[in-house]
Each structure stands twice: as structure tokens, then as C-alpha cells.
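Comments concern the structure below.
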Amino acid sequence: MAAIRSNEKMKQFSDRINEKNPNVKRKSIVACMRKLLILSYVIWIKDEEFDKNYAWNNTSGKEETKPSFGQKKTERRSLRTR
């Protein structure tokens, strides 16, 4: 996968999963694809550009640093029922 080869943080993430599951390499590929899908969705919803140096594993514990989807749960539910 190109993201694992070209992005250092994605490579570290993949290596960490491969250490836990050495016999199942496909598991790390699927986890990386899921992470990229979520990242692209959040970027699309927030209408932001991709930042290569974004802190993925922010451990500061602040609520504001978590990705926000921009809608409350009740608003998302009302969109589904239309």
C-alpha cells in the first residue's frame, strides 16, 4: 500500500499492528485503509486541507482536539430519516 510506504506515521502504525499479529499482515493493511478513510471523511466534513504534520495520536486529553463531525447526534438522525 502506497500510504504505508510513503507516510512515516502510517508505517509506524502498520508496524505496530504487525508486531502484535505477525502471521496476519492483511490486518494491518485493512487498519491503515480504515484510518485513511476516517481521516478523509473528517477532512471532507470539516472542509479542510490535508496537513501532513497533523498530530494523529494527541495524548493531551483535551476534548477540543478530537475530530468533530460538525453535527449533533440529533441532527444526524434527522438527516437519516429524510
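The values are calculated or read from the model by the stated rules, or taken from the named source; none is laboratory data. Keep in mind that this is a model prediction, so the values were computed, not measured. Positions of Cβ are generated from backbone atoms using ideal geometry, with glycine treated the same way; all protein chains shown enter the neighbour counts.
Go through the residues of segment 20-32 one by one and say whether even a single one is at negative phi, of a type in the set (A, V, I, L, M), at pLDDT 55 or above and not in a helix (DSSP H, G or I). Break it down into steps so the answer makes sense when it comes.
Pass one, segment 20-32, residues at negative phi: 20-32.
Then keep just the ones that are of a type in the set (A, V, I, L, M); that gives 24, 29-31.
Now drop any that are not at pLDDT 55 or above, which leaves 24, 29-31.
Subsequent filtering for residues that are not in a helix (DSSP H, G or I) retains 24.
Taking every residue of segment 20-32 in turn, at least one turns out to be at negative phi, of a type in the set (A, V, I, L, M), at pLDDT 55 or above and not in a helix (DSSP H, G or I).
In segment 1-29, which residues are within 12 Å of the chain's Cα centre (by Cα) and not basic (Lys, Arg)?
At the first step, the residues of segment 1-29 found to be within 12 Å of the chain's Cα centre (by Cα) are 9-10, 13.
Across segment 1-29, the qualifying residues are 10, 13.
Picking from 43, 17, which residue would you name as being among the β-branched types (Val, Ile, Thr) and at pLDDT 90 or above?
The unique qualifying residue is 17.
For segment 47-59, state whether one or more residues are surrounded by 10 or more Cβ atoms within 10 Å (Cβ to Cβ), farther than 27 Å from residue 1 by Cα and at pLDDT below 55.
No, because not a single residue in segment 47-59 is surrounded by 10 or more Cβ atoms within 10 Å (Cβ to Cβ), farther than 27 Å from residue 1 by Cα and at pLDDT below 55.
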